[in-house]
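The values are calculated or read from the model by the stated rules, or taken from the named source; none is laboratory data. Keep in mind that what you see is a predicted model, and the values were worked out from it rather than measured. Please note: Cβ atoms are built from the backbone with ideal geometry, for glycine as well, and neighbour counts cover all protein chains shown.
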Ligand SMILES: Cc1ncc(COP(=O)(O)O)c(C=O)c1O
């Protein structure tokens, strides 16, 4: 069978004026990086934070739907066909696998929450959309973010016209006293509603928040009545030592809204994530997750039940823990992280260039600091002339643009290509520092 190949019809001449925020560089970052990758297909790209396709087990995960169907039919005492038919219908807004996710959270994250506090979402991205839509009043509410941070949250806030105030992260992430000062300062202009962070293996920085800071941060947020939004897609990818408890696992007072994702543990095409919202709402009996279901119902109605069944089936097959599925992936990403650290030491270590980097204990990213400002023009030169693509840290900054830093992602390139890519980056840096790199 061949796909139709007729030329696409031309677009109409009718002009549409976009919302003002479309002029914002923030909303163009993803497109810009994708364009650079497409324009220079031969270049080695450390730009996208994508998981490695060779490790996807798409068919295997989808075959778990049958496991889920059998389990449901046994539990409900109905035929497997009836369960399959249910997948064809509109479904429960907050999802059909909350019990299995609650069990997974207990097993893999030591987070204890009732299934009623979980909303199954279309990726972590929808969880962010539900939180911002449901809890932020544009006129007065402020979102604090650790800075730099994931564009998924800041871009969304920009689209929704929600005020964002950056709290600069240091080499270990958010510093609780800095957060407290930011809360006090920002509270003069509105209500600080929540603080967003990625404490484990931060995107873009690669940092991990130390335990004492986690505890102090929870205390600061609780005292100031600020919700903490903890986004944790990389937590299971710890390479060096035992994991630290998540903020949610430490949270005894309902300070934390927790966002999870199956994009890195399984595969991102699933678009499966979840929001944990176990706070109380006024005098109602149900948790915040129940109140937020009206937001979810207006965003996506429900998360596709078939895809929930795939995740649910895997969780059933694996006895609730994703550890066995994640372990080989973690081993592969660790190899890639190590390959990048070795290549960086070989290329820049002890050299006169003044290039420094951090060694992330997990996740997909690290920060490289250069002795010069890395401009957008450098990105093009790096890609076109030297064959390596990186992300300027500036792309992820709300506050001061950290022009001397770049984010390197080691998740999407095999170890050999990583070594080659860092050598190419080394050549660029040497030429740039010595003035040999032609900037035009
Ligand atoms: C910090 C962070 N949150 C969320 C996501 C996206 O998650 P999802 O694919 O579940 O929407 C990513 C993916 O890159 C991420 O880095």
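Observations, loosely collected:
- Taking (1) without any contact (Cβ under 8 Å) to a residue 40 or more places away in the chain; (2) touching a strand residue (DSSP E or B) at 6+ places or on another chain (Cβ under 8 Å) in turn, residue 43 satisfies each apart from (1).
- Test: residue in the range 174-187 that is modelled with pLDDT of 95 or more, assigned to a strand (DSSP E or B) and surrounded by 14 or more Cβ atoms within 10 Å (Cβ to Cβ): no
Table: residues versus (1) touching a residue at least 40 places away in the same chain (Cβ under 8 Å); (2) under 27 Å from residue 84 (Cβ atoms).
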residue	(1), (2)
267	yes, yes
285	no, no
312	yes, yes
339	yes, no
342	yes, no
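- Failed criterion for residue 427 (all others in (1) modelled with pLDDT under 95; (2) in contact with a helix residue (DSSP H, G or I) (Cβ under 7 Å, 6 or more places away or on another chain) hold): (1)
- One residue stands out among those in the range 301-317 that are buried (at least 16 other Cβ atoms within 10 Å of the Cβ) and out of contact with any helix residue (DSSP H, G or I) (no Cβ under 6 Å at 6 or more places or on another chain): the one that is nearest to residue 88 (Cα to Cα), which is 304.
So that you can scan it fast, the table gives a plain yes or no per residue for (1) within 16 Å of the ligand (Cβ to nearest atom); (2) under 26 Å from residue 261 (Cα atoms):
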position	(1), (2)
182	no, no
187	no, no
190	no, no
199	yes, yes
210	no, yes
218	no, yes
221	no, yes
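- Scanning the range 120-145 for residues that are more than 12 Å from the ligand (Cβ to nearest atom), within 20 Å of the chain's Cα centre (by Cα) and outside any helix (DSSP H, G or I) yields 143, 144.
- Any pair with Cβ under 7 angstrom, 6 or more apart, that starts in the range 111-138 at a residue that is under 11 Å from residue 296 (Cα atoms) and ends at one that is within 12 Å of the ligand (Cβ to nearest atom) and assigned to a loop (DSSP other than H, G, I, E, B): 120/303; 121/303; 122/271; 122/303
- Residue that is free of Cβ contacts under 8 Å to residues at least 24 places away in the same chain and over 30 Å from residue 368 (Cα atoms), where the choices are 83, 101: 83
- Selection within the range 21-40 - within 14 Å of residue 159 (Cβ to Cβ) and touching a strand residue (DSSP E or B) at 6+ places or on another chain (Cβ under 7 Å): none
- Test: residue in the range 165-173 that is modelled with pLDDT of 95 or more, farther than 18 Å from residue 200 by Cα, within 16 Å of the ligand (Cβ to nearest atom) and crowded, with 20+ Cβ neighbours inside 10 Å: no
- With respect to the conditions (1) more than 16 Å from the ligand (Cβ to nearest atom); (2) touching a strand residue (DSSP E or B) at 6+ places or on another chain (Cβ under 9 Å); (3) in a loop (DSSP other than H, G, I, E, B), residue 236 lacks only one, and its number is (1).
- Number of positions in the range 252-266 that are touching a helix residue (DSSP H, G or I) at 6+ places or on another chain (Cβ under 6 Å) and either surrounded by fewer than 23 Cβ atoms within 10 Å (Cβ to Cβ) or outside any strand (DSSP E or B) (or both): 5
- Residue 266 passes every criterion in (1) more than 16 Å from the ligand (Cβ to nearest atom); (2) within 18 Å of the chain's Cα centre (by Cα) apart from (1).
- Residue within the range 424-436 that is in contact (Cβ under 8 Å) with a residue 12 or more places away in the chain, outside any helix (DSSP H, G or I) and within 30 Å of residue 332 (Cα to Cα) present: no
- Residues that are within 16 Å of the ligand (Cβ to nearest atom) and either surrounded by fewer than 17 Cβ atoms within 10 Å (Cβ to Cβ) or within 21 Å of the chain's Cα centre (by Cα) (or both) are absent from the range 283-291.
The rows are residues; the columns are (1) within 18 Å of residue 287 (Cβ to Cβ); (2) crowded, with 23+ Cβ neighbours inside 10 Å.
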position: 96; (1), (2): yes, no
position: 99; (1), (2): yes, no
position: 110; (1), (2): no, no
position: 121; (1), (2): yes, yes
position: 128; (1), (2): no, yes
position: 131; (1), (2): yes, yes
position: 135; (1), (2): yes, no
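- Filtered residues of the range 375-385 (kept if farther than 20 Å from residue 356 by Cα and crowded, with 20+ Cβ neighbours inside 10 Å): 383
- Considering the conditions (1) in contact with a strand residue (DSSP E or B) (Cβ under 7 Å, 6 or more places away or on another chain); (2) touching a residue at least 12 places away in the same chain (Cβ under 8 Å), residue 180 is excluded by exactly one of them, (1).
- Filter result for residue 161 (surrounded by fewer than 17 Cβ atoms within 10 Å (Cβ to Cβ), more than 16 Å from the ligand (Cβ to nearest atom) and in a loop (DSSP other than H, G, I, E, B)): yes
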